[in-house]
Every structure is written in C-alpha cells, then in structure tokens.
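The values are calculated or read from the model by the stated rules, or taken from the named source; none is laboratory data. Computed from a prediction, not measured in an experiment: that's the story for all the values here. With ideal geometry, Cβ positions are generated from the backbone for all residues, glycine too; neighbour counts draw on all protein chains shown.
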Amino acid sequence: MTERSVEQSAIAIVPPLNHDTIVLERTYEAKPARVFEAFASPEARMRWGVPSAHVELEYDQADFRIGGMDVSRCGPRGNLVYRVETRYRDIVPQRRIISTEIVSEGGITLCFALITVELLEAGSGTRIILTDQVGAFGGRSMIDGHRAGHAGALDNLAAELRR
Amino acid sequence: MLHDPAQLDLMFQALADPGRRRMVERLSRGPASVSELAEPLDMSLSAVMQHLHLLETSGLVVSEKIGRVRTCRIEPKALGDVERWISERRRSWEGRLDRLGDFLAETAPGEEKGGKT
C-alpha cells in the first residue's frame, strides 16, 4: 500500500453512530385541531418550540406541507449554533405529523432523526404520542480539530437548560 | 477528558500522523488485534506498537492483552458523550411539550377555558 492511499483513506475517519428511541406522551386540554395548529404554525412553534426561556429558536424557512422543509437555528440565547433541517414526510390534519430531521453544528452533522407526532382524541382534549428515533454521532472533536474549543458546546447548552 | 486542553493536544498530536489516523479509522469499525492493525499499513509490528502507545497515551484508544493477543479498541468515552447528548434531547422534548401545554392554555378560546366544551 502506498503512502498516498493511506493519506486518502485517512481522511474518512468515521464517527460511530448510536441509535435511540425517545417516546413521550402528553394529554392536553385542547381539541386536536388546536394542537395540530400549534405544530403546523411556525409562529406558534416560535412560542413553544424551545425547551426553556434560555434557549432561542429562529426560522430561516418554514414550509409545513408534505415534502416541505423548515430550516431553523437554535441554541443558547444569542448563540444559535445548531442548524435544524426538518422535512415533512406525512401530514394528516389533526391526526399525525411525520418528519425527518438533521441537526448540525458548523457543517458537522450531529444527528439524524425520524419524528412521529400522533394526535388522539381524549375526552374533550387531545393525547399526543411523540416518537423520536434518533441516530447520533459521537467523537466530533476527532474529526473537527480546529473547533476543539467547542467540544463543550453541548455541555453549555445542557447547563443553560438546567438554569 | 475532552475538556482538558493537555489531553486535547495529545489527541490532535496523535491524529496528526496518517498511519495513526488509519489505525483509528480501522478501530472505528470495531476492535482489532495489533497484527490486524498492522496488516494494511505496510509497517513493522514494532512501529505499530509505537503508534499504538501514542494513541493510548492520547486517550483515543485502549488495548488489552488476552492470552497472546493484544486487542485494541476505540475508547468508549465518545459513546458516553452521545448518551448524554441523547438524554439532553429527551429533556429538551419534555421541556417543549410542557411549553406546548402552557401555549395551548394561554391561547384557549373562551369555550375551552373552563376545560370543557
């Protein structure tokens, strides 16, 4: 094997991919039409779509229809380091929203996800089941030397969230 | 470990060499013995052992001798980071769904406000 082919293949250090599934259920005292609208409307999502008041979310693009794509940036207030691309795959009004999501930071992909939101009538309210099937990479600093100083960015976000 | 600058220096130093990067690349696909690591590299076993020593010092790779075979693998610390990342993602969803509940309560039309229609 020549030095050249070693050099070429060495570029492709492959970070490991780890899978997980997150399932959350909630019941809201609101009709399915209102809950559906809260997911459909980017204005509504700007209000509720961040986990805490310390996290900011901005949409560069929003297109809620099958095949449409949202592009948003989020992160600790004033430092929107994460880029989220959401592609809507299946939308059944008041029943179901299926999307795929890619989260990246500085051009480096952090995770891929398949997100299903099911809406079920529950008395006068709505039960939702959110299933987030996520494949996430680790070892980002290994493939991203010049951004080593940002190795703790996710920890900073976590710290922000805990405040 | 990733937050210790001295450790980071060692890591990037370890990855500065194409042969060592190739070893890490091979190990990212799964554990390997020293001779398996050496085989595609056109390197002597003792050279591979030297590179391996550097990779171990950097904390990127760990090795374990079982019988006569030394098996190397990627240090699973990176996996721990990912697990933490995923649990933060879960917490993030929980926070968002809580806020969705608040949002729905705040924007409830008159006839829903009593909780019944």
Report summary line: Note: among A:119, A:157, just one is modelled with pLDDT of 95 or more, in contact with a Pro (Cβ under 7 Å, 6 or more places away or on another chain) and buried (at least 19 other Cβ atoms within 10 Å of the Cβ), namely A:119
Query raised in the report: Could you list, in sequence order, the residues of region B:14-73 that are surrounded by 14 or more Cβ atoms within 10 Å (Cβ to Cβ) and in a strand (DSSP E or B)?
Result: B:32, B:33, B:61, B:62, B:63, B:70, B:71, B:72, B:73
Query raised in the report: residue A:62 passes all but one of (1) out of contact with any Ser or Thr (no Cβ under 6 Å at 6 or more places or on another chain); (2) buried (at least 16 other Cβ atoms within 10 Å of the Cβ); (3) within 14 Å of chain B (Cβ to nearest Cβ); (4) aliphatic (A, V, I, L, M); which number fails?
Result: (3)
